[in-house]
1. In segment 4-86, which strands (runs of 3 or more DSSP E) lie fully inside it and hold 1 or more residues that are out of contact with any helix residue (DSSP H, G or I) (no Cβ under 6 Å at 6 or more places or on another chain) and within 18 Å of residue 118 (Cβ to Cβ)?
2. So residue 111 clears everything in (1) out of contact with any strand residue (DSSP E or B) (no Cβ under 6 Å at 6 or more places or on another chain); (2) assigned to a loop (DSSP other than H, G, I, E, B); (3) in contact (Cβ under 8 Å) with a residue 12 or more places away in the chain except one condition, right? Which one?
3. So residue 102 passes all but one of these: (1) outside any helix (DSSP H, G or I); (2) surrounded by 15 or more Cβ atoms within 10 Å (Cβ to Cβ). Which condition number does it fail?
4. Residues that are under 22 Å from residue 134 (Cα atoms), in contact with a strand residue (DSSP E or B) (Cβ under 6 Å, 6 or more places away or on another chain) and surrounded by 20 or more Cβ atoms within 10 Å (Cβ to Cβ): does segment 59-74 have at least one?
5. Give me the pairs: first residue in segment 72-89 and free of Cβ contacts under 8 Å to residues at least 60 places away in the same chain and on the phi > 0 side of the Ramachandran plot, second residue assigned to a loop (DSSP other than H, G, I, E, B) and surrounded by fewer than 24 Cβ atoms within 10 Å (Cβ to Cβ), beta-carbon distance under 8 Å, and six or more apart or on different chains, which are they?
């Protein structure tokens, strides 16, 4: 059973998927990944969502970035959209994902921020998983230590 289903709008989004994958591998979270376009293969998007056992979806898309909304329209489970930088610096994708109509929300992370999408998905799962909650707390402690270490290095500049 997959806890998270990741859908890429096209193979060109793989570099963003890799950021998600790195986080999920670090946290030992199960996921599956598919490629489907909300415009070119809408039936495939519907099939993926309908047949997924996921608790959370991540949809990665650039340009018109309709994929996260298309996924959200087909499920009541949380959907996290990742806008991909392409035209207009990714602003077009960011606005498409963040400006969903009332009643069909999509969480939106920053442009190309696959790692934040993965962490947000883990935070959602951690609401009912104590082990994931502890891993998140340890992850944040490591980030804090890195900043503290970097700050000490500044003194040598």
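1. In segment 4-86, the matching strands (runs of 3 or more DSSP E) lie at 4-8, 31-35.
2. (1)
3. The one condition residue 102 does not meet is (2).
4. Checking segment 59-74: not a single residue is under 22 Å from residue 134 (Cα atoms), in contact with a strand residue (DSSP E or B) (Cβ under 6 Å, 6 or more places away or on another chain) and surrounded by 20 or more Cβ atoms within 10 Å (Cβ to Cβ).
5. 89/111
Just so you know, all these numbers are worked out from the coordinates, no wet-lab data involved. The shown structure was predicted, so the numbers you read here are calculated from the model rather than taken from an experiment. With ideal geometry, Cβ positions are generated from the backbone for all residues, glycine too; neighbour counts draw on all protein chains shown.
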